[in-house]
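No value in this document is a laboratory result; all are computed from the given coordinates. Model, not experiment: these values are computed from the prediction. Cβ atoms come from the backbone with ideal geometry, glycine included; neighbour counts cover every protein chain shown.
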């Protein structure tokens, strides 16, 4: 349901602009490899993005995209310490197995460094820059029972399921070639850079996290 709300909001925003203008637009979709760079929260996952491009000039335009990913998995080692000197053992080693999945909405600007949005004879190179909102779902599973009456457990991450949100600065560098019939094949390298920090007890690392990079490949269809 959340995925549909994000797509509907983004689509309505650009559709209203397109409806009252004579500008050309494109719709694109791609598959992505997602990587989390943050230490102690590194993982890989698969994802997908749906994009709408509004072409204002041959080299400049606006974009809005919605993306989501499958859960990325990782684990960390922790220590629970006894509250009383009479408790045996005095410490318990355990692991926390974690899964994080993302959904994100980004709006920004697209500029062609070489070529243009409608170049049909050669390849094009472009970059994008914008701001986004990333939402995440987290599941943490401890390998031992959480006996809080006898042991002190780490404050982060707690076991169970939770959600978090972050504002991001989004940037990308892309390469594009025409393949015919107003269809373009593109490849992009994107980065989601955290622009806000709302601590979540479900994340082991909160500072400047998540820091995400993606490698995307997809198709863009140009509409007259």
Report summary line: Per the filter on region 178-217, residues under 18 Å from residue 124 (Cβ atoms), within 21 Å of the chain's Cα centre (by Cα) and surrounded by 20 or more Cβ atoms within 10 Å (Cβ to Cβ) are 188, 190, 216
Report task. Provide a single number: the residues in region 165-202 that are at positive phi and without any contact (Cβ under 8 Å) to a residue 24 or more places away in the chain. Result -> 2
Report task. Go over the candidates 131, 127, 102 one by one and state the one that is within 13 Å of the chain's Cα centre (by Cα), touching a residue at least 40 places away in the same chain (Cβ under 8 Å) and surrounded by fewer than 19 Cβ atoms within 10 Å (Cβ to Cβ). Result -> 131
Query raised in the report: What do you reckon, is residue 150 on the phi < 0 side of the Ramachandran plot and touching a residue at least 60 places away in the same chain (Cβ under 8 Å)?
Result: yes
